[in-house]
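Notes follow once the structure below has been shown.
A short reminder: the numbers here are calculations on the coordinates, not readings from a lab. Worth saying up front: this structure is predicted, and the values here are computed from it rather than measured. Positions of Cβ are generated from backbone atoms using ideal geometry, with glycine treated the same way; all protein chains shown enter the neighbour counts.
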Amino acid sequence: MEITNVKIRTVYGDPRIRAIAMLELDGSLIINDILVIDTGSKLIVQLPQTANAKRKGQESVVPLNNQLREQINKTVLSEYERKV
């Protein structure tokens, strides 16, 4: 899968959430509500969760291999750093 577009919206007023991202894959699928979170020691990317998945500690969008997860993390964090 190729990431064809990323949009970052910075968030103010929340000490942990730095931004919300939208990711487009292959020009065919959009994933909204990807969070950029400041853990205090580093920035992490959290994929969207439904309320039910959140209660169970699961993600609602799950990359099926580490390569795609790393590509998403790298792309979102790179775009965030570029924007701020």
Review point. Within the set of pairs 6+ apart or on separate chains, which have a first residue in segment 37-63 that is within 22 Å of residue 25 (Cα to Cα) and without any contact (Cβ under 8 Å) to a residue 24 or more places away in the chain, a second that is of a type in the set (Lys, Arg) and assigned to a loop (DSSP other than H, G, I, E, B), and C-beta atoms under 6 Å apart?
Key: 37/16
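Of these, 48, 63, which one is farther than 16 Å from residue 10 by Cα and either in contact with a strand residue (DSSP E or B) (Cβ under 8 Å, 6 or more places away or on another chain) or of a type in the set (Asp, Glu) (or both)?
48
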Exercise for review: Among the residues of segment 32-58, write down those that are within 16 Å of residue 75 (Cβ to Cβ) and of a type in the set (S, T, N, Q).
Suggested key: 32, 46
Check your understanding: Any idea how many residues of segment 57-84 are among the aliphatic types (A, V, I, L, M) and part of a helix (DSSP H, G or I)?
Key -> 4
